[in-house]
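The values are calculated or read from the model by the stated rules, or taken from the named source; none is laboratory data. None of the values given here were measured: they were computed from a predicted structure. A quick note on method: Cβ atoms are made from the backbone with ideal geometry, for glycine too, and the neighbour counts reach across all protein chains shown. With ligands, DNA and RNA removed, areas are computed over all heavy atoms of the protein, side chains included. Shrake-Rupley method; radii C 1.70, N 1.55, O 1.52, S 1.80 Å.
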Amino acid sequence: HLTIQQLLQRSKLLQGNNRIFTRKEPLYLDKARSFNGISLVVGADAALRMLDPKWGMDPKDLLNEFNRLHTKIYVIGRDVDGKFITRDDIEKTLPVDLRPLFNYLTSPVSGKCGLSSTELRKKLL
């Protein structure tokens, strides 16, 4: 949970861009349900957690729900446990029947961002 002051500090980082702040949508799926058709940018580490059933929904149900909501997910490569992971690496971990749906919903983002959004904010604020 963020304070109003923290939200305002974060908004300064996004000047010139459209932005949405949420208070009651802690999960990416919650955000997608609240803002139909939204595009989400997530690190590969977050995508791995999102697709792990121990963190929430069955991956097939989750991806089908994103598809129904017209949500696009853009995956940024990220170092995970000492290895650089991309969207393509994540796709390979999925059952074959889920791969086309994951590929349809997500797009790779070129480049490498070694910092999480939390780490970026700490450096900029």
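How big is the accessible area of Val41 in square angstrom, nearest 10, if you roll a 1.4 angstrom probe over the protein chains?
Answer for Val41: close to 100 Å² accessible.
Given the pairs Lys54/Lys122; Lys83/Lys122; Lys12/Lys54; Lys31/Lys54; Lys72/Lys92; Lys12/Lys60, which are separated by over 25 angstrom at their Cα positions?
Beyond 25 Å between Cα atoms: Lys54/Lys122; Lys12/Lys54; Lys12/Lys60.
Could you order Ser11, Ser110, Ser39 by accessible surface area, starting with the largest, using a probe radius of 1.4 Å?
Ser110, Ser39, Ser11
Within a Cβ distance under 12 Å of Lys83, other residues only, what is the Lys/Arg minus Asp/Glu net charge?
After counting each charged neighbour, the total is -3.
Quick one: which residues, 5+ away or cross-chain, put their amide H under 5 Å from the amide H of Ile38? H built at 1.01 Å from N.
none
Please list the non-local residues whose amide H lies under 5 Å from the amide H of Asp79, H modeled 1.01 Å from N, same-chain partners needing a gap of 5 or more.
Excluding prolines and chain starts, which carry no amide H, the hits are Ile85.
Order Thr93, Thr3, Thr86, most accessible first, counting only protein heavy atoms with a 1.4 angstrom probe.
Order by accessible area, largest first: Thr93, Thr3, Thr86.
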